């Protein structure tokens with residue numbers, strides 16, 4: 001099976017799965033049924049230790065009606081001081097998915113910081129494709145996001 005066919009199959013399966021999952025926070029935020037974003041990973045840790053770290057409900061903050069968990073009080077406070085600097089782009093939806101007009105869930109370990117912004121992808125296979133032209137996909141996704149951010153994932 002060709003790489004593109006595999007990617008299209010993967011996106012089709014992910015789209016189906018995303019339409020079945022619950023995004024309880026604002027329609028433009030990817031969060032679970034309890035409004036927890038990034039599956040509980042600390043968004044600040046991507047910037048401070050350059051790796052995903054699972055946060056704790058003990059240290060939490062809310063941004064755009066989604067709850068973020070942090071590994072420490074210091075990380076939580078950094079986030080509270082400037083949440084837009086640390087929150088993932090596209091409300092935490094898959095950066096590649098947004099570029100193809102889909103709101104897909106993400107794997108917190110499939111991440112990349114580009115120009116001081118955090119981008120997440122569906123999984124590491126999709127991330128490999130996204131990394132082949134991250135600037136181009138970001139430009140496309142930025143345009144697309146304006147049109148889809150207020151549309152439910154199930155409607156895309």
Among residues belonging to segment 130-146 that are under 20 Å from residue 64 (Cβ atoms) and free of Cβ contacts under 8 Å to residues at least 40 places away in the same chain, point out the one that is farthest from the chain's Cα centre (by Cα). 146
Condition (residue is over 9 Å from the mean Cα position of the chain (by Cα), part of a helix (DSSP H, G or I), free of Cβ contacts under 8 Å to residues at least 60 places away in the same chain and loosely packed, with under 14 Cβ neighbours inside 10 Å) applied to segment 107-129: is it met by at least one residue? yes
Looking at this structure, is residue 14 assigned to a loop (DSSP other than H, G, I, E, B) and at pLDDT below 95? no
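The values are calculated or read from the model by the stated rules, or taken from the named source; none is laboratory data. Note that this is a predicted model, so its numbers are computed, not measured. Virtual Cβ from ideal backbone geometry, glycine too; neighbours counted across all protein chains shown.
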